[in-house]
Amino acid sequence: MRISFAFETENAISGLIPKLQEAYPSNTKSDQTGIYGSVPDEMEEAQTEKADNPDMMVGWEYFDVFSINCYDFDPSTDMDFVKNAGVDLPILLGEYHCGALDRGLPATGLKGVKNQKERARMWRYYVEHAVAHPCGVGAHWFQYNDQFCLGRFDGENYQIGMVDVCMQPYPELLDAVKKSSEALYAVKNGEQKPFDEEPVSIPMIGY
């Protein structure tokens, strides 16, 4: 789970800037438009083993929404961690995806499943569990299109798109998007349970 911050409203951050710069001088910078930064690498590494570091939540009271990236099939555990750490804010999931090897590119991305049907299942399972969480307000799929076969600047060439490299849609995934979109308000209001068919995982492949 990665936690990051970015502000552009001077009044909203006037009290936070000194605190962040004092706590994380090498990770925080400011200019005329805002303050930007991330938690130190050692915090990210520590969190993978023990998710109870209160410093990861520094300054949350200056936000309107708290955002995390979560590459699990069910984001509820990470969302609970944020909530149980005392963060009293809506939670926006900044990144998630999965890929398969039955079509397109030779790498799954950070979460692998066996085929496009399982990618569709993952979408519904993730999104509907996110919206069922009392703090959940949104989830951002990364990314819209598959990556280039020869790789982006760092070599990533993941089959993670909603469309392929020729901008042709993956119909199974888009059908899942449609079904979840139709169910979201009922799930959020507790009138309907979230989709409960967990996807079948395979080891991730990445370059």
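Throughout, read-outs are computed from the coordinates displayed, never taken from laboratory work. This is a predicted model, so every value here is computed, not measured. When we count neighbours, we look across all protein chains shown, and the Cβ atoms used for this are built from the backbone with ideal geometry, even at glycine.
The label-point distance for residue 114 and residue 88, in a model that sets each label 7 Å from Cα toward Cβ, rounds to 4.7 nm. Less than 5 angstrom separates the built amide H of residue 138 from those of 93, all sequence-distant by 5 or more or on a different chain.
Taken along the Cα-to-beta-carbon direction at a fixed 7 Å, the label points for residue 95 and residue 184 span 2.2 nm. Rounded to the nearest Hz, the phi-derived 3J(HN,Hα) couplings of segment 176-191 under the Karplus curve 6.51 cos²θ - 1.76 cosθ + 1.60 (θ = phi - 60°) are 5, 4, 4, 5, 5, 4, 5, 9, 4, 5, 5, 5, 4, 7, x, 8, where x marks glycine and proline. The modelled label-to-label distance between residue 150 and residue 102, using points 7 Å beyond Cα along the C-beta direction, is 3.1 nm.
Exposure proxy ranking for 71, 144, based on other Cβ atoms within 10 angstrom of each Cβ and starting from the fewest, stands as 144, 71.
Neighbouring Cβ atoms within 10 Å as the yardstick, rank 127, 177 fewest first.
Details: 127 27, 177 17.
Arranged by neighbour count, lowest to highest, 127, 177 become 177, 127.
Full extension of the chain segment joining residue 55 with residue 166 gains 35.6 nm, where the gain is 0.36 nm per residue of separation less the Cα-Cα distance. Put simply, the C-alpha atoms of segment 66-150 give a gyration tensor, and the ellipsoid matching it has half-axes of 27, 12, 10 Å, longest first. Residue separation of residue 200 and residue 63 scaled by 0.36 nm, minus their Cα-Cα distance, works out to 45.7 nm of gained length. Rounded to the nearest whole Hz, the Karplus-based 3J(HN,Hα) values (6.51 cos²θ - 1.76 cosθ + 1.60, θ = phi - 60°) of segment 113-120 follow the sequence 9, 7, 7, 5, 4, 6, 4, 4, with x at glycine and proline. Kirkwood analysis of segment 107-207, using all unique Cα-Cα pairs, places the hydrodynamic radius at 14.3 Å. Report the calculated FRET efficiency for residue 174 and residue 77 (r = Cβ-Cβ distance, R0 = 35 Å), to the nearest 0.05. Efficiency for this residue pair is about 0.80.
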